[in-house]
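> Mind looking over this structure? Questions follow.
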Amino acid sequence: MQFGSCRASCFRFEINGAQVGWIPPQLTPLLSRFPDVFSLPQGGAVSLRPSLDSPRKRTEAVDAVLRTLRQEGTFSCLKGWRDEKYSVMSQFSEAPLMLMERSATSLFGVKRSGVNINGYTVSDGGEVSMWLARRSPTKQTYPGLLDTVAAGGLAAGLDIKQTMVKECEEEACIPAAIAEKARPVSTVSFTYEDEDGVYAENQFVFDLELPVGFKPKVGDGEVQEFYLLPMEKVKELMATDDFKPSCAMVVLDFLIRHSFIDPDTGL
């Protein structure tokens with residue numbers, strides 16, 4: 001992975017004149033093979049054909065292109081095809097202009113939203129500890145790295161709180177009655193690039209105080225183990241390569257908000 005900005009070399013991805021993503025230059029020659037779906041770059045933008053004048057038509061046309069590219073094996077991200085659709089829109093509050101297969105969103109720099117839950121406990125003496133998850137070694141992305149207690153993408157048709165409760169139940173076996181007490185506290189946004197395109201992410205962050213004595217359990221197999229760690233140990237791990245980068249930012253946000261780290265000194 002490389003951190004930096006490829007914006008100067010990318011084309012805007014537009015639908016009906018609204019920008020919904022960034023397309024890396026290496027993708028445009030492949031898209032030119034599908035002139036009924038994509039217009040050639042003009043004015044720094046690649047757009048969908050005007051004849052695709054409804055969300056359903058756009059979704060179906062782009063999905064057919066993506067399935068062709070998947071069969072050709074050109075992009076490694078498509079090997080992780082999930083049959084899960086993400087909404088494509090210029091702003092989160094707007095109605096989706098189309099839906100797109102989750103594994104393909106990086107090819108078009110489409111913003112992906114998700115939820116991230118900081119699970120923590122407070123002892124009778126006031127000591128705060130955090131539950132961290134060790135990702136499964138078979139995960140397609142960041143296998144074996146540390147993660148928050150639960151997290152997941154915001155699939156089309158689900159709202160933020162529904163997704164939060166669902167991920168708590170599925171990944172950590174946290175009952176809905178407990179998960180629903182989580183507090184929405186912040187959003188963490190970031191963008192990075194790698195060989196498969198541009199990843200634009202927005203995480204809706206929740207803090208969930210778990211009862212002392214409660215232990216998350218491995219649910220859907222995306223986690224291999226859970227650890228309850230004191231905050232000083234969490235701070236130490238933050239400085240290593242053992243954390244999934246995006247989740248490290250979510251935990252850092254927690255540490256700053258709860259005054260475990262001074263934002264000026266980083267201590």
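> Please give, to one decimal in nm, the separation of the simple spin-label points placed at N202 and D53, each 7 Å out from Cα toward the Cβ.
Spacing of the two 7 Å Cα→Cβ label points: 2.9 nm.
> I would also like to ask the following. Sort the stretch 115-169 into rounded, prolate or oblate with this rule: let a ≥ b ≥ c be the square roots of the eigenvalues of the Cα gyration tensor; rounded if a/c is under 1.5, and if a/c is not under 1.5, prolate when a/b is larger than b/c, oblate otherwise.
oblate
> Which residues in the stretch 168-194 place their backbone N less than 18 Å from a point set 7 Å from the Cα of F214 along the Cα-to-Cβ direction?
168-185
> Can I ask one more? Find out how many positive minus negative residues lie around K181, taking Lys and Arg as positive, Asp and Glu as negative, among other residues whose Cβ is under 11 Å from that of K181.
So the surrounding residues net to -2.
> Let me ask something additional. Defining a contact as two alpha carbons under 8 Å apart and six or more residues distant in sequence, what relative contact order in percent does the stretch 161-232 show?
Relative contact order, the stretch 161-232: 32 percent.
> Another question, then. If R0 is 45 Å, what FRET efficiency do you get for C173 and N16 from their C-beta distance, rounded to 0.05?
0.55
> How many percent of DSSP beta bridges within the chain run antiparallel, rounded to 5?
Around 75 percent antiparallel, to the nearest 5.
> Now for a different question. Among rounded, prolate and oblate, which fits the stretch 188-267 when a ≥ b ≥ c are the square roots of the eigenvalues of its C-alpha gyration tensor, a/c under 1.5 means rounded, and a/b larger than b/c means prolate?
The shape class here is oblate.
> I've got another one for you. Return the percentage of antiparallel bridges among DSSP beta bridges fully within the stretch 1-91, rounded to the nearest 5 %.
Antiparallel: roughly 75 percent of the beta bridges in the stretch 1-91.
> Can you give me the convex hull volume of the Cα atoms of the stretch 162-216, divided per residue and expressed in Å³?
Hull volume normalised by residue count: 110 Å³.
> So, for the chain, what is the accessible surface per residue at a probe of 1.4 Å, expressed in square angstrom?
On a per-residue basis, the chain sits at 48 Å².
> Take every Cα-Cα pair in the stretch 1-151 and report what % of them are more than 25 Å apart.
Looking at the stretch 1-151, the distances longer than 25 Å represent 39 percent of pairs.
> In the set [x] 14.9; [y] 27.7; [z] 15.9, which value of mean projected area of the Cα convex hull in nm² was calculated from the structure you see?
The value matching this structure is [x].
> Then there is this: Counting only protein heavy atoms and using a 1.4 Å probe, what share of the accessible area of the chain belongs to carbon plus sulfur, as a whole percent?
The C+S portion of the solvent-accessible surface of the chain is 51 percent.
> I would also like to ask the following. From the helices alone, meaning DSSP H stretches of at least four residues, give me the mean residue ellipticity at 222 nm for the chain, per-run term -39500 (n - 2.57), in deg cm²/dmol to the nearest 500.
-6500 deg cm²/dmol
> By average Cβ neighbour count within 10 Å, what is the ranking of 145-158, 87-100 from highest down?
145-158, 87-100
> Restricting to Cα pairs below 8 Å that are 6+ residues apart, what does the relative contact order work out to for the chain? Please round to a whole percent.
That works out to 19 percent.
The values are calculated or read from the model by the stated rules, or taken from the named source; none is laboratory data. This is a predicted model, so every value here is computed, not measured. In this analysis, Cβ positions are derived from the backbone assuming ideal geometry, glycine residues included, and neighbour counts consider all displayed protein chains. Accessible surface areas use protein heavy atoms only, side chains included; no ligands, DNA or RNA. Shrake-Rupley method; radii C 1.70, N 1.55, O 1.52, S 1.80 Å.
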